[in-house]
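See below for the structure under consideration.
The values are calculated or read from the model by the stated rules, or taken from the named source; none is laboratory data. No experiment lies behind these values; they were computed from the predicted model shown. Using ideal geometry, Cβ is built from the backbone for each residue, glycine included, and neighbour counts are taken over all protein chains shown. Areas reflect the complete protein model, heavy atoms only, side chains present, ligands, DNA and RNA absent. Shrake-Rupley method; radii C 1.70, N 1.55, O 1.52, S 1.80 Å.
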Amino acid sequence: MRRKGVSYSKYGYIFSLPFILVFLVFSLYPILYTAFIGFTDMKGVIPKPIHILDNPFQNFKELIVDNVSFRQSLINTFILWIANFIPQIALALLLTAWFTNRRLNIKGQGAFKVLLYMPNIITASTIAVLFSTLFAYPMGPVNSLFHALGWSDAPIQFLQSRNTARGIVSFIQFWMWYGNTMIVLIAGVMGINPALFEAASIDGASGVQTFFRVTLPSLRTILLYSLITSMIGGLQMFDIPQLFITPAGGPDNATLTTSVFIYGQAFKGSYMYNKAAAASMIMFIIAAVLSALLFYLMRDRGEAKIRKQHKKIEKAAKAAARGM
């Protein structure tokens, strides 16, 4: 009697089925429906029957060409993201080098990592209230400290200055996320072959040389992941700009991000769902283009050259086989 072979592949499909169903219902369908709304006239508290516009791209054109607030929100979003990501990745790399340096052999690393990661655990609403209280006018702790040190004679309205408001929002985002980036980078370093570090040590490389010549090149994929996730998170920045300063958007719309703009279009005023959907799709396209650009810029050029050489060899071999 022959025993029938057991096929386990069907169980993989069965186990993945719940995720596929949830993704189709709660992710893919909303994305497709949002894209559809962007080409329609859907608006109002009680939406009327939906009609596709005569010019399907009218909502997109009005946002990009005629809507000053949307263009300002795009500029603000990129300013806030860049202002918080550069110090975030710099400090995360510094802490990663510090914690993974075998020569230093720092004790109590676990406690340090927990403390540095903790701001990422606190809810955004709590942090927004905390910093609003710190920079309150006229009797906030920061104003009281400035007065006690003699740095100011009168209370300062920190949240009424464009640059100060942007700086505080950028600092909050940096403070919340540098610990998360540090943990991701440390995990990446732990996955590097220890033989590389031992070889560098035997060759007499210093800690700085080892970090820049061994660690960083080996973290290319992890850095790419951090860049893309940070970029997408930056483009979706909503909670802190929305909750930190009232009204949302800050002084002269200095902290108005695209997500805050989309929320205002969809759920305030005229309830223009079509404009909000069009703005969402514009941001989706921007995120996709920037992600593709980052993938291209951070690709492994050495591996790409090897692939090209292999292709040339295969073509030459095929040509030679045909000529025989």
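Cβ-Cβ contacts under 9 Å between residues 6 or more apart (or on different chains), taken from a first residue in the range 205-234 that is open to solvent by 50 Å² or more (accessible area, probe 1.4 Å) to a second residue that is in a helix (DSSP H, G or I) and modelled with pLDDT under 90, are listed as V208/A97; Q209/A200; R213/A200; S218/L196. Here is the figure for the range 151-166: residues that are open to solvent by less than 60 Å² (accessible area, probe 1.4 Å) and part of a helix (DSSP H, G or I) total 5.
If you go through the range 240-265 and keep only what is modelled with pLDDT of 90 or more, out of contact with any Phe, Trp or Tyr (no Cβ under 9 Å at 6 or more places or on another chain) and more than 17 Å from T164 (Cβ to Cβ), you end up with just G264.
Among the residues of the range 61-113, those that are over 19 Å from the mean Cα position of the chain (by Cα), among the β-branched types (V, I, T) and modelled with pLDDT of 90 or more comprise I64, V65, V68, T96.
Residue-level check: of (1) assigned to a helix (DSSP H, G or I); (2) under 26 Å from F158 (Cα atoms), K113 misses just (2). Here Q265 meets the list (1) surrounded by 16 or more Cβ atoms within 10 Å (Cβ to Cβ); (2) part of a loop (DSSP other than H, G, I, E, B) almost entirely, failing just condition (2).
Kindly indicate whether any position in the range 37-51 is in contact (Cβ under 8 Å) with a residue 24 or more places away in the chain and either closer than 30 Å to L116 by Cβ or in a helix (DSSP H, G or I) (or both). Checked the range 37-51: at least one residue is in contact (Cβ under 8 Å) with a residue 24 or more places away in the chain and either closer than 30 Å to L116 by Cβ or in a helix (DSSP H, G or I) (or both).
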